[in-house]
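Structure first, commentary second.
The values are calculated or read from the model by the stated rules, or taken from the named source; none is laboratory data. This is a predicted model, so every value here is computed, not measured. Here the Cβ is made from the backbone with ideal geometry for all residues, glycine too, and neighbour counts use every protein chain on show. Note: areas computed on protein heavy atoms with side chains; ligands, DNA, RNA excluded. Shrake-Rupley method; radii C 1.70, N 1.55, O 1.52, S 1.80 Å.
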Amino acid sequence: MSMADSLQKSGKLPHNTALLFLIAAKAATTTMPNWVSDPVGSWWTTEGLIWVKSLAERLEISYNSLPPHPLGTDIKPLAKMIQEADHTNIILSVLSLCLLPHTPSAEGTTATSPAETSTPTPPLYYTASERAFLTRTLELLDIPYAHLLSAEDDVAQSIYHELKSAEMDSKKAEAARKSKEEGWGGYWGRVAATGVGIVLGGVAIGITGGLAAPAFLPLIPFLTAGSAPMVLGTLFGLTGGGLAGKRVNKRWAGVDKFEFRQITGGGEKNDPGAVVNKETADIPGSEVEKAQAPSLLATIIIPGILLKSETEGIDSVKQCSALFTSPRRDTFVLSQSPSTMLATGKALHNWVSNQLLGRLKGEIIKRTALQTVMGAVTLPITIYKTTGMVVDNEWIRGTDRARKAGQLLAEVLKEKVQGERPVVLVGLSLGALTLFEALLVLSATPLPSPLIDTAIFISLPGSPSPTEWSKVRNAVGRRIVNAYCATDLVLAGVGRLHEVLGERRVSTMAGMAPVVREDGKDLGIENVDLGEVIKASLVLKGQPSPPTTGHFELNEKIRSILEVVGVNS
């Protein structure tokens, strides 16, 4: 009997399917990644156990009945038992259960409602650690990651519109609250735990295979018409305007501007049913979305040095907004100290073009890109001393602003301004430095599990130690990407400048080489070579062009770069 037939006949997620998923989930959480430095005290161990026990409870399967030590190799043959047509249904059911409040007991067999606990629990939340566990489990079951993105979109829409309806309909909210009389979650709580379909606004919603994301409203027995906005604000970060309303207009520890601009997704800014694609409405060929709910995954992109204008970073992200609309996602650009980023970019561009390449102009046409970089960094020390003081001052000022913005970003994330949902962070150039600083601060903060799903560093102008990378690795739930280019003349020149003026050896910057440990130990970092992405910029009008544009074209080529690093992976 197929999963769809079983659902139609019994109204429940088949026991064998639920059991198989739980076995895979236990294998995913007990077989830790190589980069976990402390298997005993790691959040991966502690949070993973809580997650699997909670799911077992929701699926009405005893945790103690699961195999004690399942391995990933054990799951692969079992995964063939799941039909491809049922992949989406399974994800919708499990994702729905992940979002519900849970406080499993030590045995994982009983639950306590949030109203009965001494410590208030957010009504709905979706953590980066849960997403990491879920993604790893899906990999073992050979379920494509794209299905998770689509399911997150569907579930977010269901939650948002159900809660908005509750906010406007007190009778509906009161009925949900009274359902607690049937026990925790009432009848609908049991329905959700076994994966039956949903009714929204009196209309039955079905998904191929017969399983849909469960109705959430009746699962929050303490919800009233007045508390629905709180639930929305907690999960999606809509309280006080969320990220889009977070800005620092006055100087804060040297940061002259700190503001999030929303590019795609949904929110409350122009509610009801606000759409945020108005940022792209003025771009020819761009399509303005229909009113959308906020997404369960937020993305924040942090530009670095600027060359054209203070809005260059924002404008470049607008041009690639299509990457975040199918499935749709709340996407923000963090504009931090744009005047400083512009001044740094212009000073750096003038110095590289007029000084470094000016000294090499007779040799450029004979050299490959890599040879040109090597030629630049081996120029006489006197050239750097006589030409580099001005740009060094600007660069130091830019890096100082970037690091301070990172400290502020860490505070924003710790305050959950983004909501109780995972975040993907992308930093370019000095924006990558901002990102690294933020993660270092978060790694030093006693948090039970990471707030960040993925961190992508593009042309990072820094040389972190293996210890620092390990700290950052433990602050991120899933992916860390180091995107580099060996022919980045800008980073090579800046590195050499610091060696000359600082009179000390500077290690190769992460933005120019793969990040690896000398002892070969896995740092848990994906290294992506951007050489092919920016190689086309080395040819101009049929003649070899100086490889200065690799770093200076990061904003212009951001869409291609994001595709190569797998921003949707």
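Data overview
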item: Subset of region 465-487 (residues that are closer than 27 Å to Arg559 by Cβ and either open to solvent by 10 Å² or more (accessible area, probe 1.4 Å) or at pLDDT below 85 (or both)); result: Arg478, Arg479, Tyr484, Ala486, Thr487
item: Test: Pro104 is at pLDDT below 60, surrounded by fewer than 19 Cβ atoms within 10 Å (Cβ to Cβ), within 30 Å of Leu442 (Cα to Cα) and touching a helix residue (DSSP H, G or I) at 6+ places or on another chain (Cβ under 7 Å); result: no
item: Residue in region 432-443 that is touching a residue at least 40 places away in the same chain (Cβ under 8 Å) and of a type in the set (Val, Ile, Thr) present; result: yes
item: Ala376 vs. criteria at pLDDT 95 or above, open to solvent by less than 30 Å² (accessible area, probe 1.4 Å) and part of a helix (DSSP H, G or I); result: no
item: Pair list, Cβ under 9 Å, 6 or more apart: region 59-70 residue under 16 Å from Thr17 (Cβ atoms), other residue among the charged types (D, E, K, R) and in a loop (DSSP other than H, G, I, E, B); result: Glu60/Lys12
item: Some residue of region 451-462 being open to solvent by 10 Å² or more (accessible area, probe 1.4 Å) and assigned to a helix (DSSP H, G or I); result: no
item: Elements of type helices (runs of 4 or more DSSP H) in region 254-373, at least 2 residues being modelled with pLDDT of 90 or more, open to solvent by less than 50 Å² (accessible area, probe 1.4 Å) and among the hydrophobic types (A, V, I, L, M, F, W, C); result: 312-319, 338-351
item: Qualifying residue in region 65-72 (condition: among the hydroxyl-bearing types (Ser, Thr, Tyr) and at pLDDT 90 or above); result: yes
item: Hits in region 435-449 (condition: open to solvent by 40 Å² or more (accessible area, probe 1.4 Å) and hydroxyl-bearing (Ser, Thr, Tyr)); result: Ser443
item: Set Val423, Val441: member being under 26 Å from Ser42 (Cα atoms), touching a strand residue (DSSP E or B) at 6+ places or on another chain (Cβ under 7 Å) and aliphatic (A, V, I, L, M); result: Val423
item: Residues that are open to solvent by less than 80 Å² (accessible area, probe 1.4 Å) and in a loop (DSSP other than H, G, I, E, B), drawn from region 40-83; result: Gly41, Ser42, Leu59, Ile61, Ser62, Leu66, Pro67, Pro70, Ile82
item: Filter result for Ser129 (assigned to a helix (DSSP H, G or I), at pLDDT 85 or above and farther than 20 Å from Ser158 by Cα); result: yes
item: Inter-residue pairs, beta-carbon under 7 Å, first acidic (Asp, Glu) and in region 456-477, second in a helix (DSSP H, G or I), 6+ apart; result: Glu468/Leu440
item: Hits in region 15-39 (condition: crowded, with 19+ Cβ neighbours inside 10 Å and either at pLDDT below 75 or more than 16 Å from Thr135 (Cα to Cα) (or both)); result: Thr17, Ala18
